[in-house]
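Chemist: Submitted below is the structure of interest, expressed as structure tokens.
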Amino acid sequence: MADSVYKVIELIGTSEVSWEDAARKAIETALKSLDDVRIAEVVEQDVRIENGKISAFRVRIRLSFRYHGKE
């Protein structure tokens, strides 16, 4: 395996349905503009509460992808 460099970014996905849906939305959105995505790590989960009920699920994700730099 050749030497590689990976970049790590953090994203926050939100959903009214579930944490899994929030994570899926964040990853699918990132895949539209990033190439060679390798790992997604959920680092934090929380919920927004309005009027005593959960109104949104939020997931903070670290996403790594192969970094090619400027050519």
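Chemist: Among the trypsin sites (Lys or Arg not before Pro) within region 17-71, which fall in a DSSP loop and have no more than 13 other Cβ atoms within 10 Å of their own Cβ? Don't jump to the answer; show the numbers that get you there.
Modeler: Values: sites: Arg24, Lys25, Lys32, Arg38, Arg48, Lys53, Arg58, Arg60, Arg62, Arg66, Lys70; in loops: Lys32, Lys70.
Within region 17-71, the qualifying trypsin sites (Lys or Arg not before Pro) (loop, at most 13 other Cβ atoms within 10 Å) are Lys32, Lys70.
Chemist: Separate question: More than 20 Å apart: what percent of Cα pairs in the chain qualify?
Modeler: Details: 937 of 2485 pairs.
Summing the P(r) tail past 20 Å for the chain gives 38 percent.
Chemist: At 222 nm, what value in deg cm²/dmol follows for the chain if DSSP H runs of at least 4 each add -39500 (n - 2.57) and the sum is divided by all its residues, to the nearest 500? Mind showing how you got there, number by number?
Modeler: Numbers: 1 runs with 13 residues, N = 71.
Roughly -6000 deg cm²/dmol at 222 nm, from the helical runs in the chain.
Chemist: Compute the acute angle (0 to 90°) between the alpha-carbon long axis of helix 19-31 and the principal axis of greatest extent of the alpha-carbon atoms of the chain; round to the nearest 10°.
Modeler: Helix 19-31 sits roughly 30 degrees off the main axis of the chain.
Chemist: Please compute the contact order of the chain in relative form: average sequence separation of alpha-carbon pairs under 8 Å and at least six residues apart, divided by the residue count, as a percent.
Modeler: Working: 134 pairs, mean separation 30.8, N = 71.
Computed value for the chain: 43 percent relative contact order.
Values quoted throughout were computed directly from the atomic coordinates according to the rules given, and no laboratory measurement underlies them. As the structure is a prediction and not an experimental result, all values here were calculated from the model. For neighbour counting, all protein chains shown are included, and Cβ atoms are generated from backbone atoms with ideal geometry for every residue, glycine included.
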